[in-house]
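Okay, structure first, notes after.
We did not get these values from a lab; they are worked out from the coordinates using the rules stated. Just so it is clear, the model here is predicted, and its values are computed rather than measured. With ideal geometry, Cβ positions are generated from the backbone for all residues, glycine too; neighbour counts draw on all protein chains shown.
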């Protein structure tokens, strides 16, 4: 029986990063992955494939809707959806192959099969053919991730009523796509198919989109997406759905409480994700899940069983690949006796619509509820020369800073390349910069980042130079 | 032109060592801005600028300077650089002026940096992730690290340096068979300590008497009331307050121990100014708890704490350290089991505290494990007889072993009772 210092169960961005870090720290590591390829949701059916489709659909959208205005004539523009999906597959394959290479390079043993605790030091692995083997390990990191949440009254058939996983591998562009849930996943996939010509209707129970984001951001995002032509039915309570041939009928109660029907050819259920621990055998080692089916962990990401750690979507906190990665490194270093720390307040959130939306730190509603005295600096991209040149003038950068000390407490932006720009906010906040600190740093001209500086100037002393 | 000269820091001091300049030659300095740091016999202190202007440094770092010697001159006719001007331009103008000036200002930025560094802010002492990890792993608290980053932030380099310093205290690795040696100038403080100790040995008839004290009862009180004490007074109930109190009561019983010889006279004191020997990064200093006999336990603990912090930060002033009628030295904090302390002249006696260690003791014919401390009193036999010194030490022992007896002499326990 093979013997390891640490076994990582789950090969997603949390798990494989943890495995590499453990190997770097000189440990003998095994990683167990239920599917045939490593990479988890992020690489296979999440972040990476959705970005592949978001990027190409954005190109098409630009060619179709904006090129004329730019002075570019396009004739015979068409979508080869099969090629789009195939290219997405190539992107995914290149990425997962990269992970497989990294495992080899770091001498990490990869086991494909379902990992299950026999004892806290013995893991059984059952492969697809049903063959079983066992390995021994001193410590374990559970990184089994999450699955799309299904609503009890709305069974997923994976054909017409689908999750994000199926939405990334459709064989045709939906004519009428109904999306249940206006969270990040729903808005991103909605954008993809809207750009490719689907009529997209987003049905949301709450009265806003991207509900975890700053309210200003959420409002602007809704405004821009609506202007673009996506239909939103907010404060609408979905009650069920039926499939008849190629037609899906979603029944719901609208804002006024009246029963309505929404018809489409596909219905994407994007109401969130649930931790995935099925078949893990947690009961064999005495770990019980919390009320939201997550594995309880302490600040060191250790579970109630000493030597067993858990990271990523399967524990508390935002279900984000980059959060899982940080936790993977943290757990590995803790196991090695180091003392790393994660500032959970500074894990950025990003939405890859166009314009992109991104946030880090406290939202305005957070600060209000904490009763914190703050000031706001908000600058529109309309004032940015760079944004005017590229024709991306929707959106703004908003800085929230401590009223007394001027320390930046939150950064919220919606606009071109916001997903990449948010990192300036993260760095600033990790170093506890004040708004004035940022406004005294040279930002290259002309770039979108100038809006960040201008917002800081505006927060410092209301001295934006361009507004 | 204004001159910065070595001031008469204290009566007994004729010479100081210029340890460090705090400004660079040619800098523009403000009135009262610290120009340099000088070390005197007992403390280091900063010398402020007598005027605003451009500074020219005359003396060099490491110089021994007599009182009145020239350190630096300040050219008051030099104009203050525009950037340093404190007056704020009206907002509207500022906006216009700033934009075109941007490029011209850039080279000056460097000169401004050191000023920014010394500023403190909400972020002072905060460490970004890499630095924080290094500190946590090295077991160094952020407050013990001087951040050199913007506004006192702790940089990765600061953290690495802090860890290195900590390691070197614990014994830096030396090359095997090295025959290297290192010559360092004796600090003024070290020189003074050396002179005074030799003087004490040579000019007194010093000898030491020993005893031991059972700390059981003091430990009980500290365990029982420690938390409440800390809550009420925001200071730990340590051993120092009990020892100081016991010493004061014993001194009242044996006034000769609290006296000193002054040219054929013996000067007795109605008060107990207790010098406490404190080890600081720069060496041994002995700040004084004034009128310790009239202080409560909490007041003693607070005084000890503030003196220790001042000592650590090099902030002790002359006044903090002059005077003193009796000294307590605690070698126990370093693990000493027994020692013969040297009298701090012109005082006539010194108490040495030591490490508390569990030892088998015979109590009522049975062997019991008790927390024991050896006590030593070194005294000047010229004015203190053996009977007095031994009686004095036995009295201290008695008060400490039976703290309730301290009630009869003074009020400290009243405070404790108040809290019950």
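Distance from the Cα centre of the stretch A:1-44 to that of the stretch A:183-228, in angstrom? Comparing the Cα centres of the stretch A:1-44 and the stretch A:183-228, I get a distance of 35 Å. Determine the shape class of the stretch A:346-461: with a ≥ b ≥ c the square roots of the Cα gyration tensor eigenvalues, call it rounded for a/c under 1.5, and otherwise prolate if a/b is greater than b/c, oblate otherwise. Prolate is the answer for the stretch A:346-461, as a/c is 1.5 or above and a/b outweighs b/c. Using equal-weight Cα scatterers in the Debye expression, the normalised intensity of the protein assembly as shown in log10 at q = 0.04 Å⁻¹ is -0.31. Here B:248, B:272 are placed in order of increasing Cβ neighbour count within 10 Å, fewest first, which gives B:272, B:248.
Give me Rg/Rg_expected for the stretch A:161-271, where Rg uses Cα atoms only and Rg_expected = 2.2 N^0.38 Å with N residues. Present the calculation step by step, with values, prior to reporting the outcome.
Working: Rg = 13.1 Å, N = 111, 2.2 N^0.38 = 13.2 Å.
That works out to 1.00 for the stretch A:161-271.
One Cα centroid belongs to the stretch A:420-464, the other to the stretch B:322-364; the line between them spans 60 Å. Express in whole angstrom the spacing between the alpha-carbon centres of the stretch A:100-147 and the stretch B:234-265. Here the two parts' Cα centres lie 71 Å apart.
Per-residue Cβ neighbour counts within 10 Å put A:341, A:412 in the sequence A:341, A:412, beginning with the fewest.
Per-residue Cβ neighbour counts within 10 Å put A:170, A:222 in the sequence A:170, A:222, beginning with the fewest. Going 7 Å from the Cα of residue A:260 toward and past its Cβ, which residues in the stretch A:172-204 have a backbone nitrogen under 16 Å from where you end up? Output list for this probe position: A:177-182, A:200-204. Take the alpha carbon gyration tensor of the stretch A:1-150, find the square roots of its eigenvalues, order them as a ≥ b ≥ c, and report rounded if a/c is under 1.5; if not, report prolate when a/b exceeds b/c, else oblate. Here the stretch A:1-150 falls in the prolate category. Within the stretch A:374-435, the proportion of C-alpha pairs whose separation exceeds 15 Å stands at 51%. Using the Cβ-Cβ distance between residue B:369 and residue B:122 with R0 set to 45 Å, the FRET efficiency works out to roughly 0.35. Based on the reciprocal of the average 1/r between different C-alpha atoms, the Kirkwood radius for the stretch B:259-330 equals 12.9 Å. Counting only other chain Cβ atoms within 10 Å of each residue's Cβ, the peptide A:334-340 averages 3. Put a dot 7 Å past the Cα of residue A:235, heading toward its Cβ, do the same for residue B:381, and the two dots end up 10.0 nm apart.
For the protein assembly as shown, DSSP calls about 70 percent of its internal beta bridges antiparallel. Taken over the Cα atoms of the stretch B:116-168, the convex hull encloses 61 Å³ per residue. Over chain A, DSSP H runs of length four or greater, each weighted -39,500 (n - 2.57), average out per residue to a 222 nm ellipticity of -9500 deg cm²/dmol. Label 7 Å along Cα→Cβ of residue A:288; the stretch A:302-331 residues with amide nitrogen under 15 Å? The answer is A:304-305, whose backbone nitrogens lie closer than 15 Å to the label point. The alpha-carbon atoms of the stretch A:291-361, seen along their principal axes, cover 45, 30, 16 angstrom, with the largest extent given first. Estimated from the Cβ-Cβ distance and a Förster radius of 22 angstrom, the FRET efficiency linking residue A:55 and residue A:35 is about 0.35. If I take R0 = 51 Å and measure r between the Cβ atoms of residue B:407 and residue B:70 in this structure, what FRET efficiency does the formula 1/(1 + (r/R0)^6) give, to the nearest 0.05? E(calc), rounded to 0.05, equals 0.30. Distance between the 7 Å Cα→Cβ label points at residue A:170 and residue A:70: 2.5 nm. For the stretch B:2-75, the fraction of C-alpha pairs more than 21 angstrom apart is 17%. Shown for the stretch B:189-300 is the translational diffusion coefficient from the Stokes-Einstein equation, using the Kirkwood radius over Cα pairs, a temperature of 10 °C and a viscosity of 1.306 mPa s: 95 µm²/s.
Spin-label pair residue A:77-residue A:344: with each label point 7 Å from Cα along the Cα-Cβ axis, the two points sit 4.5 nm from one another.
Quick check: convex hull over the Cα atoms of chain A, volume per residue in Å³, rounded to an integer?
170
Applying D = kT/(6 pi eta Rh) to the stretch B:189-419, where Rh is the Kirkwood radius over alpha-carbon pairs, T corresponds to 37 °C and eta to 0.692 mPa s, the Stokes-Einstein value obtained is 181 µm²/s. Quick one: what does P(r) look like for the stretch A:357-396 with 5 Å bins over all Cα pairs, in whole %? Going out from 0 Å in 5 Å bins, the stretch A:357-396 shows 6, 19, 20, 17, 14, 12, 8, 4, 0 percent. Of all beta bridges that DSSP places with both ends in chain A, some 60 percent have antiparallel geometry.
Counting only DSSP beta bridges whose two residues both lie in the stretch A:148-264, roughly 65 percent are antiparallel.
Using only C-alpha atoms and all pairs of different ones, pull out the Kirkwood radius for the stretch A:28-95 in Å with one decimal.
14.2
Under 15 Å from a label point set 7 Å out along the Cα-to-Cβ vector of residue B:203, no amide N atom of the stretch B:287-316 is found.
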